[in-house]
1. Using beta carbons and a limit of 7 Å, which pairs, at least six apart or on different chains, have the first residue in the range 340-355 and charged (D, E, K, R) and the second one open to solvent by 40 Å² or more (accessible area, probe 1.4 Å)?
2. Could you check the range 275-318 and list, in sequence order, the residues that are assigned to a helix (DSSP H, G or I) and either closer than 16 Å to Trp262 by Cα or open to solvent by less than 10 Å² (accessible area, probe 1.4 Å) (or both)?
3. Tell me which residues, restricted to the range 589-607, are in a loop (DSSP other than H, G, I, E, B) and either within 60 Å of the chain's Cα centre (by Cα) or of a type in the set (D, E, K, R) (or both).
4. Keeping to the range 524-556, report how many residues are among the β-branched types (Val, Ile, Thr) and open to solvent by 10 Å² or more (accessible area, probe 1.4 Å).
5. Can you tell me which residue is least open to solvent (accessible area, probe 1.4 Å) among those in the range 343-371 that are of a type in the set (D, E, K, R) and over 19 Å from Arg94 (Cα atoms)?
6. Looking at Tyr340 and the list (1) modelled with pLDDT of 95 or more; (2) under 21 Å from Ala216 (Cβ atoms); (3) touching a Gly at 6+ places or on another chain (Cβ under 9 Å); (4) open to solvent by 10 Å² or more (accessible area, probe 1.4 Å), which single condition is not satisfied?
7. I'm told Thr399 meets every condition in (1) assigned to a loop (DSSP other than H, G, I, E, B); (2) at pLDDT below 95 except one. Can you identify the failing condition by its number?
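The values are calculated or read from the model by the stated rules, or taken from the named source; none is laboratory data. These figures come from a predicted structure and were not determined experimentally. Ideal geometry is used to build each Cβ from the backbone, glycine not excepted, and the neighbour counts take in all protein chains shown. Note: accessible area is taken over every heavy atom of the protein model, side chains too, but ligands, DNA and RNA are not part of it. Shrake-Rupley method; radii C 1.70, N 1.55, O 1.52, S 1.80 Å.
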Amino acid sequence: MHRALIFSCLLLCTLLVVPVSADSGIADNNWQIVFQYNADGLTIRQAAPIAESRKAITTPGLIGAPVRLSYEADWLDASGAILAHSHLIMPLGRRVAIVDSAACEVVMPSHDVVVVRVKGPSADLDPAQLRLTVAAAPMIRAEGIEVPTSFEFQSVTLPLQVVRQSPTQGPIGVTKIRDTGPDNNRLVIVILGDGYTPASVASGIYASHVGTLVSAFSATVPWNVMFNGTNIYRIDVESNEDGADHDPYGTFRDTYFNSSFWVAGIERLLAVDDPGYYRAVNAADALVGPGMWDELVIQVNSTKYGGSGGAVSVVSAHSAGPQVVLHELGHTFAGLADEYTSAYPGFPPGDGEPNVDYDAFGPNLKWLAWVEPGTPLPTPATSQYFNSVGTFEGARYLTSGIYRPWYNCLMRSLGVPLDPVCREAHLKGFFNRTSLIDAAAPAVGSSRLIRWSDNLFSVDPIPFAGLTYQWKINDSILAETTETLSLDWRQLEQYGTLQGDNLALTVSYPTGMMRLSEESEQFSWTIRPDCNNNNLADATDLAMLISSDADQNGIPDECDALVCCEGARGNVNGIGGLDLSDLSLLIAYLTTTPQPSLGCGSEANVNGASSIDLSDLSLLISYLTVTPKPVLPDCP
């Protein structure tokens with residue numbers, strides 16, 4: 001049974017200890033913390049380190065939160081010593097399912113379970129406490145919304161219960177119904193069922209409802225594209241009874257997550273209570289992994305219209321249910337504003353979302369790149385422009401003074417597509433979470449010795465068609481345009497400094513669905529030449545006198561032949577053919593101090609022996625003065 005204002009929501013926090021490497025995309029020392037707040041205050045129920053991941057570790061529901069609380073966080077050991085320091089922003093609040101006849105509604109739970117994913121210390125340091133200190137006044141985005149009393153503190157120290165894996169409760173099974181690659185670099189959606197008896201699960205009713213929901217995603221642009229990098233899990237949950245509380249009003253069902261309509265006195269607000277949300281988190285953690293799932297969706301076995309969005313999406317099996325989820329994810333996944341004009345008294349002014357703008361004319365219009373020539377700005381709401389990007393007046397709960405890019409988008413009404421601007425925002429949200437590659441060999445950021453040939457570099461891209469690849473040594477673009485590069489020493493000699501150079505790969509996703517920015521990532525390695533394949537950089541060989549450099553060109557003499565020596569030896573100065581000028585230079589090299597620089601050391605090693613000496617001079621004199629000429633050995 002639900003009390004007013006009891007529903008499940010996720011509080012999202014951004015915590016930074018050290019920046020994550022842009023090259024590697026690996027996020028180290030991430031944690032998932034499950035808080036609970038109620039009239040007795042704020043507690044931590046459990047904390048678990050998150051496995052290594054290439055994707056950005058985020059807490060669902062951060063964008064568009066009605067309230068944000070800012071804290072400084074100190075991670076402490078058992079003695080109270082600080083192990084790490086973080087800054088966190090904790091958002092609260094939940095949106096009610098859209099309905100054409102009502103304005104936007106936001107509600108705040110009086111008590112709830114809260115999941116936070118944050119940067120923290122190494123688990124090996126055994127953090128035992130988390131101290132939160134208020135850093136700034138609460139930012140409240142909606143009139144009438146109050147911060148729960150649980151957060152009325154200036155500083156609080158909370159014990160950490162560290163667990164390695166949350167237990168699975170109840171009769172739960174899991175099926176990965178969509179698998180596009182590793183969860184640690186995919187958008188991962190977990191769908192859980194509520195109000196399905198064992199008979200409803202066994203008969204396929206639950207699987208059918210989930211299939212309808214997933215089909216709606218795959219039929220919606222740009223989700224159909226993002227699905228190339230999306231994994232979906234279906235968790236089968238058996239309840240004692242079918243349905244949900246208050247369907248119809250005044251009836252109650254014994255369900256696993258305790259879903260209910262009429263939460264906070266709003267009929268269409270379908271949500272789950274605190275224990276239900278905690279159970280959902282436990283199931284997702286145990287069967288998918290803490291921090292590996294990005295979106296939780298609870299599918300409720302009821303055909304009554306209703307739902308809610310935020311940290312967790314709750315949706316009924318009503319025919320419009322999938323559209324509710326898509327709309328709500330437009331807020332929490334893509335950061336979009338509502339585009340309808342129903343009044344919301346007290347909602348703060350602003351046009352920070354990507355699909356609303358005070359500017360109707362340009363040139364600073366956010367989506368000007370999407371406006372075709374000849375489209376009037378502002379754009380009249382006539383059928384001629386219903387399928388054109390422009391500036392249509394009215395959005396964000398106001399009828400005038402603010403503009404939207406499309407006449408009627410999913411962020412305004414259910415049952416219609418997302419417009420081009422909203423589509424791009426979704427794609428941006430996807431790529432902000434994931435990397436364009438799953439892995440690289442050798443590891444991104446590492447140093448590699450470049451031998452004479454067959455030095456392979458490669459990346460394993462995400463399964464998106466149309467990715468492009470540009471390889472560079474320093475600022476020089478190489479010819480290779482695939483995910484694999486075979487680099488040889490001669491390319492390093494041609495484009496590099498032969499001391500220590502940068503190899504960079506830019507992976508891009510050029511698409512007509514992104515005009516405001518192109519998605520690309522750069523990955524780099526340090527490369528150093530090892531022409532003689534002795535597992536030492538050439539500069540090290542010369543510095544340690546392991547190799548000589550007679551011609552002072554920065555290349556070990558034994559490798560000069562690989563660069564400057566062609567045909568028969570003897571062209572000591574490297575100019576024209578073999579003549580007396582070569583003999584003169586070799587005599588000077590052997591008899592004067594300081595020694596002059598040789599054009600090519602391998603050419604000066606005329607007889608091909610181990611060093612340049614008088615025997616080379618003797619052979620060169622014979623070649624230039626004796627008939628028939630002796631045979632000079634070829635360059636290697």
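1. Asp351/Tyr358
2. Gly276, Tyr277, Ala280, Val281, Asn282, Ala283, Ala284, Asp285
3. Pro594, Gln595, Pro596, Ser597, Leu598, Gly599, Cys600, Asn605, Val606, Asn607
4. Number of matching residues: 3.
5. Per the criteria, the residue is Asp357.
6. (1)
7. Failing condition for Thr399: (1).
Every residue, every condition in (1) part of a loop (DSSP other than H, G, I, E, B); (2) over 20 Å from Ser435 (Cα atoms), yes or no:
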| residue | (1), (2) |
| --- | --- |
| Arg45 | no, yes |
| Ala56 | yes, no |
| Pro60 | yes, no |
| Ile63 | yes, yes |
| Tyr71 | no, yes |
| Ser79 | yes, yes |
